[in-house]
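Notes for the one structure printed next.
The values are calculated or read from the model by the stated rules, or taken from the named source; none is laboratory data. Predicted, not measured: the structure shown is a model, and the values here were computed from it. Positions of Cβ are generated from backbone atoms using ideal geometry, with glycine treated the same way; all protein chains shown enter the neighbour counts.
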Amino acid sequence: MATTTIRLDEELKARVAAAAERSGKTPHAFMLEAIAESVEHDEADAEFHRIADERWAEIQATGETVPWEDVKAWLEAHARGETLPWPAARKRAI
């Protein structure tokens, strides 16, 4: 395992220590968890954007989308416990 030095000003160091104590962790464990959560958040955000870019490229290539009115009707039916097939994509009006 590698060692990394993090320089914290005294105020932040005290805040980390207090937060770690409240959560029943050591400051080290608290910071490791915070870093891991931040990295996971960043990775999920990057994946979200990758999928969005992929889907946008597909929309631009095919010109097909599912109209909001159809999605809304599907969601409302789903909320009522009804099972409907997902609405079909069709060419969007430009």
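For a quick check of your reading of the model, give me the residue pairs whose first member lies in the stretch 34-53 and is part of a helix (DSSP H, G or I), whose second is surrounded by 10 or more Cβ atoms within 10 Å (Cβ to Cβ), with beta-carbon atoms closer than 7 Å and at least 6 apart or on different chains.
none
So if I check each of ARG50, ARG55, which one is surrounded by 11 or more Cβ atoms within 10 Å (Cβ to Cβ), under 22 Å from the mean Cα position of the chain (by Cα) and of a type in the set (Lys, Arg)?
Details: ARG50 fails: surrounded by 11 or more Cβ atoms within 10 Å (Cβ to Cβ).
Just one listed residue meets the conditions, ARG55.
Kindly list the number of the only condition in (1) of a type in the set (A, V, I, L, M, F, W, C); (2) assigned to a helix (DSSP H, G or I); (3) surrounded by 10 or more Cβ atoms within 10 Å (Cβ to Cβ) that fails for LEU8.
The failed condition is (2).
Does ALA34 fit the bill of being in the same structural domain as ALA17 (by TED's automatic domain parsing) and hydrophobic (A, V, I, L, M, F, W, C)? Please lay out each step first, then the result.
Working: in the same structural domain as ALA17 (by TED's automatic domain parsing): yes; hydrophobic (A, V, I, L, M, F, W, C): yes.
In short, yes.
Out of LEU84, LEU32, which single residue is under 30 Å from ARG7 (Cα atoms) and surrounded by 10 or more Cβ atoms within 10 Å (Cβ to Cβ)? Even if it seems obvious, please write down each step before you answer.
Numbers: LEU84 fails: under 30 Å from ARG7 (Cα atoms).
Going through LEU84, LEU32 in turn, the sole match is LEU32.
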